[in-house]
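The values are calculated or read from the model by the stated rules, or taken from the named source; none is laboratory data. Please read all numbers here as calculations on a predicted model, not as lab measurements. Neighbour counts are summed over all protein chains in view; Cβ atoms, including those assigned to glycine, are modelled from backbone coordinates with ideal geometry. Areas reflect the complete protein model, heavy atoms only, side chains present, ligands, DNA and RNA absent. Shrake-Rupley method; radii C 1.70, N 1.55, O 1.52, S 1.80 Å.
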Amino acid sequence: MINMIVQKAIEYDKGDARRINHFMKVYAYAKLIGELEGLNKNQQQILEIAAVLHDIGIHESERKYNSSAGSYQQIEGPPIAENILNSLNVPQEITKRVCYLISHHHTYTDITEADYQILVEADFIVNIYEDDLSRKQIESIKGKIFRTESGTEILCNTFNL
């Protein structure tokens, strides 16, 4: 199922190599961290789908608001993701949780579930590189955001902290 979702996401973001590369990297880190953290099969599946679709609302946000701000992505992403997942007959309980994660992936308070935490960490690892953040900024993010052992280790090894 994940391969079909990736194909749909690539089709949706057609011509936007930067965004496609971004979600593929977030997907790879999320998959790795989830497996290292021992998520159960259902949590892992939800995490991977959410990682692929987490920024699916960017184009609509830019069209409607002339902005790709996270707050707009959280509004515009879930309906698009829901349409994609419904077209692939993904079970409603999975779709509902994926849409929740998309609608919160730029909200860093009240993270209580592992899938949510890992999605945020994977997105930060990729964004830190793409945005060329300073060591000081990375260390601040590490202290404020990172909670999983695997995500923290990957962050530290990737950026030599």
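Pair-distance distribution of the stretch 22-161: all C-alpha pairs, bin width 5 Å, starting at 0; shares per bin in whole percent are 2, 11, 20, 22, 21, 14, 7, 3, 0. The solvent-accessible area of Ser61, taken with every protein chain present and a 1.4 Å probe, is close to 0 Å². Shape of the stretch 1-83 from its Cα gyration tensor (a ≥ b ≥ c, root eigenvalues): rounded if a/c is under 1.5, otherwise prolate when a/b > b/c, or oblate? Cα axes put the stretch 1-83 in the prolate bin. Assuming charge only on the beta carbon of Lys and Arg (+1) and of Asp and Glu (-1), the dipole of the chain about its Cα centre is about 120 debye to the nearest 20. Heavy-atom accessible area, probed at 1.4 angstrom with all protein chains present, ranks Thr95, Thr107 as Thr107, Thr95, highest first. Ligands, DNA and RNA left out, the accessible area of the stretch 1-159 computed with a 1.4 Å probe is 48% carbon and sulfur. Cα centroids of the stretch 128-161 and the stretch 1-22: 26 Å apart.
Solvent exposure of the stretch 9-62 amounts to 46 Å² per residue of accessible area, where only protein heavy atoms count and the probe is 1.4 Å. Compared with the dominant Cα axis of the chain, that is its longest principal axis, helix 2-12 is turned about 80°.
In this label model, Arg135 and Leu36 are separated by 2.2 nm, measuring between points 7 Å along each Cα→Cβ vector.
At the residue level, His106 shows approximately 60 square angstrom of accessible surface with a 1.4 angstrom probe and all protein chains present. Solvent-accessible surface of the stretch 96-142, averaged per residue with a 1.4 angstrom probe and all protein chains in place: 51 square angstrom. Solvent-accessible surface (1.4 Å probe) assigned to Met1 amounts to roughly 90 Å².
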